[in-house]
1. Any residue that is within 16 Å of the ligand (Cβ to nearest atom) and touching a strand residue (DSSP E or B) at 6+ places or on another chain (Cβ under 7 Å) - is there at least one of those in region 208-221?
2. With the structure loaded, tell me whether residue 200 is away from the ligand (no atom under 15 Å from the Cβ) and either assigned to a strand (DSSP E or B) or loosely packed, with under 14 Cβ neighbours inside 10 Å (or both) or whether it fails that test.
3. Would you tally the residues in region 259-275 being within 15 Å of the ligand (Cβ to nearest atom), in a loop (DSSP other than H, G, I, E, B) and farther than 23 Å from residue 165 by Cβ?
4. Check region 170-181 and report whether any residue there is farther than 30 Å from residue 270 by Cβ and buried (at least 22 other Cβ atoms within 10 Å of the Cβ).
5. State whether the residues of region 6-21 include one that is part of a helix (DSSP H, G or I), in contact (Cβ under 8 Å) with a residue 12 or more places away in the chain, in contact with a strand residue (DSSP E or B) (Cβ under 8 Å, 6 or more places away or on another chain) and under 19 Å from residue 119 (Cα atoms).
6. Applying the selection to region 229-258, what residues are assigned to a loop (DSSP other than H, G, I, E, B), within 18 Å of residue 99 (Cβ to Cβ), away from the ligand (no atom under 13 Å from the Cβ) and under 15 Å from the mean Cα position of the chain (by Cα)?
7. Go through (1) within 14 Å of the ligand (Cβ to nearest atom); (2) within 14 Å of residue 60 (Cα to Cα) one by one and return the number of the condition residue 283 breaks.
Ligand SMILES: [Fe+2]
């Protein structure tokens, strides 16, 4: 296995390993250490089956079924098929529901830890995922702002934050059951990573709607300031997919979005985008 850091603030590219064929505890330990160090990883040239992907995904924690059940793959409910090739993707609200800054599962009491996206079909142009390095952004905040936010906590609910003009709204909640699946929860604005101990901004987009002890106007001001700061180009790794890539990111130290909106698939499939997504909660198997 070969690991090379990207030239961006976060991310490492991994080559020379075939995970479908199996992997050792030592290799898995290297991958765990790498993601906590680099915050996101791209493992090149993989060709996972459902079974192999589930086995690999389960190494990182307990696999989660998305609360919006219409996003789940019927035969493999922990899997979400993301892109523009499925019947559900004719709906713009679903197809582009991730073209908005977010970390996965900030609105869930038991926070989502790691997410992975395996590219099965990729567009000739575009289709990038952007990853923002929230740990480096936190480190670079001026001392006064750092102190101000150090012990703040926010209330979260799916899709309840303010959005920018260039963002798409998140995939919608459509039923009472979905609305009740994840009640309002409280999260820190500064997260100390449970494994690396590194401090990072956390949950500053998509779901926070009230900072405890602050007014609505103060909440908006603080969250906007942090989001504008963390989305400067210098903190962003833009990933242009190749078939076989597995992009993994640590939701405690990064946020992400689809770079821009994606059209429905064309007849020649030159713009097709098909990513298999798994996400986890809890401890990786080797840290249990
Ligand atoms: Fe996401």
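1. Yes - at least one qualifying residue is present in region 208-221.
2. Yes, satisfied.
3. So the count comes out to 1.
4. No, every residue in region 170-181 fails to be farther than 30 Å from residue 270 by Cβ and buried (at least 22 other Cβ atoms within 10 Å of the Cβ).
5. yes
6. If the condition is that a residue be assigned to a loop (DSSP other than H, G, I, E, B), within 18 Å of residue 99 (Cβ to Cβ), away from the ligand (no atom under 13 Å from the Cβ) and under 15 Å from the mean Cα position of the chain (by Cα), then 231 is the only one that fits.
7. (1)
This table checks each residue for (1) over 23 Å from residue 107 (Cα atoms); (2) buried (at least 22 other Cβ atoms within 10 Å of the Cβ); (3) at pLDDT 95 or above.
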{"position": "232", "(1), (2), (3)": "yes, no, yes"}
{"position": "237", "(1), (2), (3)": "yes, yes, yes"}
{"position": "243", "(1), (2), (3)": "yes, no, yes"}
{"position": "247", "(1), (2), (3)": "no, yes, yes"}
{"position": "252", "(1), (2), (3)": "no, yes, yes"}
{"position": "259", "(1), (2), (3)": "no, no, yes"}
{"position": "263", "(1), (2), (3)": "yes, no, yes"}
{"position": "271", "(1), (2), (3)": "yes, no, yes"}
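The values are calculated or read from the model by the stated rules, or taken from the named source; none is laboratory data. All of these numbers come straight from a predicted model, not from anything done at the bench. Reconstructed Cβ throughout: ideal geometry from the backbone, glycine too, with neighbour counts over all protein chains shown.
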